[in-house]
Amino acid sequence: MKGESAEKYYSLSGYLELEAHSEQKHEFRDGVVVAMSGGTIPHNLICGNVFYALREKEKKGCTVFNSDQRVYFNELNHYVYPDISVVCGNIEVSEKDENAIVNPVLIVEVLSDNTAAYDRGEKFRKYRSLTSFKEYILVDQEQPIVDTLYREDGKYWRIQTIIGLSKKVPVYTLDIEISMEDIYLNIPGLREPQFKLDL
């Protein structure tokens, strides 16, 4: 979530009509429409860096989407726009919306002070409602710290924290690694992490 404005109530068809003609993206939460504000320069650069790194190394049969791709949660009647999403195999779309995917295996979110709690909490719980979803990568935009969460056996999640520009981030669903240097390439004002031990 990149910030919120005043809530409005829409039907699903009303929301899709709004999105079709709006220059601004909105989340849909079972009738509640929440406008999303634009990201910061570091946020946008990191999203571009990660998107490029994943596209460059993507596994055959997998498709990487940028933040314009919305995801629909049928059981919740919610839409969100992940920073990056990846589908492996056939791209499945919602029966209600041919432009919304329903089967990402990997989601990447770039965190800020305003979005971290939502991305780690409620939004993660939404993603977990998708049976296809296996991996969640959370990227700190202010210091080189990346959390990866991977569902190993369909139920339990393993978390790993990578700290420092000299490290690599495993992407288990694609069977690749991407370097922290590539993720944080040309990011202005990047802070040195105080805690340097990987977890």
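The values are calculated or read from the model by the stated rules, or taken from the named source; none is laboratory data. Since we're looking at a predicted model, the values are computed, not measured. Quick reminder, even Gly has a Cβ in these numbers, built from the backbone with ideal geometry, and neighbours come from all protein chains shown.
Annotation: of all residues in the range 37-52 being under 14 Å from the mean Cα position of the chain (by Cα) and without any contact (Cβ under 8 Å) to a residue 60 or more places away in the chain, the one that is surrounded by the most Cβ atoms within 10 Å (Cβ to Cβ) is Phe51.
Residue pairs whose Cβ atoms lie under 7 Å apart, separated by 6 or more positions or on different chains, with the first residue in the range 120-139 and over 17 Å from Tyr172 (Cβ atoms) and the second surrounded by fewer than 17 Cβ atoms within 10 Å (Cβ to Cβ), are Lys126/Leu76; Ser129/Glu75; Ser129/Leu76.
Yes/no per residue for (1) under 29 Å from Ile145 (Cβ atoms); (2) modelled with pLDDT under 95:
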| residue | (1), (2) |
| --- | --- |
| Met1 | yes, yes |
| Glu4 | yes, yes |
| Ser11 | no, yes |
| Ala35 | yes, yes |
| Thr63 | yes, no |
| Asn90 | no, no |
| Lys96 | no, yes |
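Checked against the criterion of being surrounded by fewer than 14 Cβ atoms within 10 Å (Cβ to Cβ) and either farther than 21 Å from Val86 by Cβ or not aliphatic (A, V, I, L, M) (or both), the range 140-150 has no qualifying residue. Condition check: surrounded by 15 or more Cβ atoms within 10 Å (Cβ to Cβ) and in contact with a Ser or Thr (Cβ under 6 Å, 6 or more places away or on another chain). Does Ala100 satisfy that? Considered against the rule, which asks whether it is surrounded by 15 or more Cβ atoms within 10 Å (Cβ to Cβ) and in contact with a Ser or Thr (Cβ under 6 Å, 6 or more places away or on another chain), Ala100 comes out as yes.
Scanning the range 140-164 for residues that are more than 16 Å from Glu109 (Cα to Cα) and either free of Cβ contacts under 8 Å to residues at least 12 places away in the same chain or in contact with a strand residue (DSSP E or B) (Cβ under 8 Å, 6 or more places away or on another chain) (or both) gives Arg151, Glu152, Asp153, Gly154, Lys155, Tyr156, Trp157, Arg158, Ile163. For Gly121, the conditions (1) closer than 27 Å to Gly189 by Cβ; (2) crowded, with 18+ Cβ neighbours inside 10 Å are fulfilled apart from (2).
Quickly run through the range 140-172 and pick out the residues that are under 18 Å from Leu54 (Cβ atoms) and touching a helix residue (DSSP H, G or I) at 6+ places or on another chain (Cβ under 6 Å). Those that are under 18 Å from Leu54 (Cβ atoms) and touching a helix residue (DSSP H, G or I) at 6+ places or on another chain (Cβ under 6 Å): Gln141, Pro144, Lys167. Tell me which residues, restricted to the range 165-187, are under 16 Å from the mean Cα position of the chain (by Cα) and assigned to a loop (DSSP other than H, G, I, E, B). Across the range 165-187, the qualifying residues are Tyr172, Thr173, Leu174.
Per the listing Ser94, Ser85, the residue uniquely under 25 Å from Glu19 (Cα atoms), buried (at least 22 other Cβ atoms within 10 Å of the Cβ) and without any contact (Cβ under 8 Å) to a residue 24 or more places away in the chain is Ser85. Would you confirm whether any residue within the range 84-103 is in a helix (DSSP H, G or I) and under 19 Å from the mean Cα position of the chain (by Cα)? Checked the range 84-103: no residue is in a helix (DSSP H, G or I) and under 19 Å from the mean Cα position of the chain (by Cα).
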